[in-house]
Amino acid sequence: MMKEQITPEFLFLHRRELIQKGFLLGMASVFPKWAFGATSFPAKKNEKYGLPDKDLVLTKEDVATSYNNFYEFSLEKGEVKTKVEKWNFNSKDWKIEISGLVEKKKSYSVEELCELAGGIEERIYRFRCVEAWSMVVPWTGFPLARLIEKLKPKSSAKFVKFQSFSDQKIGSNMSELPQYPWPYTEGLTLAEAMNPLTLIATGMYGKTLPKQNGAPLRLVTPWKYGFKSIKSIVKIEFTDVQPKTLWSSLAPAEYGFYANVNPQVDHPRWSQATERILDSSFFPKRKPTLMFNGYEKEVADLYKGLDLAKNY
Ligand code: MTE
């Protein structure tokens, strides 16, 4: 029998496909893992976190990327996008220090953290600012819990503290606000950080995170007010004491540590009962705010025993 004749028909018919697959495998060994694998964009959609309500629509990308709170650059939401243009940003050089009560202390690149966490995915979340406006955003990122499991916190760790960059050469507005306890810091209990909803975002709208939205990585906790979602993180520290945060140091009566979205607890200067949906024709006026921003089922257990009427 001639050699060609003993090739099984299946292999013969699919030889072109198999050659292509072999080629791709070969390419994967030449290029870094993130260029191919579960850390490239656009990431796979996690269908469990699709549109959270049939009446909601995604906020338009140009609204979410041009109406920003990033006080290191400006107090004017519409100005942040132009102010960050001068920031000579390179995500490949960005390092995130993991420190405190944790075994795997080290400075990691963004790619290393994404790989450690097992890759990135897309999730659509509601986003509610303490100023009583809201959006619906498709984030890309990884659940913080998957990273924390790999970093192995010590049993004494009870909180996670996050810190933004503190370089005044980058944050051109920081010196204009000397009363602010820079750098921007935020914190979660370890249990909150481990909740499956808690995301470290590296992108939005299927692309890497724009500078004005907190490149190269930010926190996203959709049941809390937006100020908890700290941008451009440079340090994640595991501690046994509740961390001081920028807002709870600056105005403790207005911005608490938990900052869970709660329509029953007004901000001292305005009501939290309703919200203005940015960019939505469905709710031209205001819509009622939901307890825990609609994520009560997922997070209410974290706050058993806390008086929700005071839990701000
Ligand atoms: N992170 C840093 N480092 N600096 C900030 O000023 N503002 C917070 C939060 N994270 C802020 C920050 C506030 S008040 C909100 S509402 C959200 O970012 C806004 O996120 P967005 O601009 O992507 O909508």
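The values are calculated or read from the model by the stated rules, or taken from the named source; none is laboratory data. Quantities reported herein were computed from a predicted structural model and do not represent experimental measurements. Don't worry about glycine lacking a Cβ; one is built from the backbone with ideal geometry, like all the others, and counts go over all protein chains shown. Ligands, DNA and RNA are stripped out before the accessible areas are found, and what is left, the full protein with its side chains, is counted by its heavy atoms. Shrake-Rupley method; radii C 1.70, N 1.55, O 1.52, S 1.80 Å.
Relative to the 2.2 N^0.38 Å rule of thumb, the chain has a C-alpha radius of gyration ratio of 1.14. Rounded to the nearest 10 degrees, the inclination of helix 15-30 to the longest alpha-carbon principal axis of the chain is 50 degrees. The loop-placed chymotrypsin sites (Phe, Trp or Tyr not before Pro) in region 217-310, going by DSSP, that have at most 16 neighbouring Cβ atoms within 10 Å of their Cβ come out as PHE282.
For region 129-220, relative contact order (Cα pairs under 8 Å, six or more residues apart, normalised by length) works out to 38 percent.
Per residue, how much accessible area does the chain have with a 1.4 Å probe, in Å²?
51
The solvent-accessible area of MET291, taken with every protein chain present and a 1.4 Å probe, is close to 30 Å². What relative contact order, as a whole-number percentage, does region 63-303 give when Cα pairs under 8 Å and 6 or more residues apart are counted? So the answer I get is 22 percent. For a 26 Å ceiling on Cα separation, which of these pairs sit above it: LYS92/LYS154; LYS224/LYS297; LYS81/LYS244; LYS45/LYS83? As for pairs spanning more than 26 Å Cα to Cα, those are LYS92/LYS154; LYS81/LYS244; LYS45/LYS83. Taking every C-alpha pair closer than 8 Å and separated by at least 6 residues, the mean separation divided by the residue count of region 203-288 gives a relative contact order of 16 percent. Cα centroids of region 189-212 and region 52-84: 16 Å apart.
Of the residues THR202, THR82, THR245, the one that moves most in a GNM of the chain with alpha-carbon contacts below 10 Å is THR82.
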